[in-house]
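Working notes for the structure below.
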Amino acid sequence: MSGLRLGDMILDPRRAMHVSSLRALVCSGLVEGMQSGIASGLKGVIKRIDSLLEDYQPDFFIVLGAGSSTHSSPAAVAAKISAISCLSRRWSGSAKIQLVSRNLEPEVRAAAENAGCEVHGELVWGAYRFTDGNEESQLELQFMTVAGSPNYGVRTGIGPFGGRKLPAFLKGVGRITVPSCDPRALMTSVFKRRLERCDVFAVGHQRVLPLGKAGELKSLKGIARGLPISKATLAARKRAQAAPSAD
C-alpha cells in the first residue's frame, strides 16, 4: 500500500496515520469496529490493523474514541469492555496501546487499564494533541490536533445509485481528522461552508488521493467512477484543450 507523507505524518489508505517522530500508529473508531461482528466487516478491521502494525512496527498504538457514554446501557458497556479486552489481547504485544476518549464510563476505563492500556481524556505529546472529540473551535495552534471525529467521506461520481463514498482524511489549520476504522460508521460530507479551506485526502483501495481544497471540488458529471476534481484543475484542462496545436 502507498501512504501519503505530510511532513512528519503518513496518511495510510488502511484508515490510519503514522507519526514518525513519535513512532506511533494512530487510528479512530477501532473500539467500535471491534464490536461490528463478522458479517459487518470485523475480519477486515482485524486484518488492516495486523498489517499496519507489521508494516510500521510502532512503539505506540494510539486509539481515538470508544463511543459516547451518554445513556449507555449495561449491554453497551459490556460490549465496549469486551472489545477493549480483545483489542489488548491481540495487539498489546506489538505496541503500547494508548486509548484516548473523553467520555468513558468508569467501569470501561477500569477494564481498559486492567487490560494494560493507558487511558487519556486527551493526549498532548510532542507537537501533537490527540483527541476523540469534535471541538473544532478549541484549536491550540502550537500543536497539530489529531481528531477521531467526525468521520468524513467524499462521493465519487454520480452513478445510477449516487456513486460510491470514500472515507477521507480532512486537514485544516492546526487540525487533521482521521477516518474511522468502524465499517458501520456514517460519513459526514466534506462539502460544508465551514470546511471550504480544508484539504481533502480520499482513501482509495491502495493509496491516499489528494483532492485539493473542499471548496474547490465538484464531481465530474457523466462519469460514474470519476473522482471529485478541483475547479482549478478543470480550468487548466480546458486551457490545454483550447490551445492551438504545435502542428
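The values are calculated or read from the model by the stated rules, or taken from the named source; none is laboratory data. Please read all numbers here as calculations on a predicted model, not as lab measurements. Note: ideal-geometry Cβ built from the backbone for every residue, glycine included; neighbour counts use all protein chains shown.
A few comments on the model shown:
- Here Arg109 does not fit the description of being more than 16 Å from Met34 (Cβ to Cβ) and part of a loop (DSSP other than H, G, I, E, B).
- Cβ-Cβ under 8 Å pairs, at least 6 apart or on other chains, region 74-87 side in a helix (DSSP H, G or I), far side modelled with pLDDT under 95 and of a type in the set (Ser, Thr, Tyr): Lys80/Ser72
- Considering only residues in region 63-78 that are at positive phi and touching a helix residue (DSSP H, G or I) at 6+ places or on another chain (Cβ under 7 Å), the one that is modelled with the highest pLDDT turns out to be Gly65.
- Residues of region 39-57 satisfying the condition of being assigned to a helix (DSSP H, G or I), more than 14 Å from Pro13 (Cβ to Cβ) and polar (S, T, N, Q): Ser40
- Scope region 19-45; condition under 20 Å from Lys80 (Cα atoms), over 16 Å from the mean Cα position of the chain (by Cα) and aliphatic (A, V, I, L, M); matching residues: Ile38, Ala39, Leu42
- Among the residues making up region 112-135, a single one is outside any loop (DSSP other than H, G, I, E, B), among the charged types (D, E, K, R) and surrounded by fewer than 14 Cβ atoms within 10 Å (Cβ to Cβ): Glu113.
- When Val208, Val200, Val178 are screened for being modelled with pLDDT of 90 or more and within 20 Å of Ser101 (Cα to Cα), only Val178 passes.
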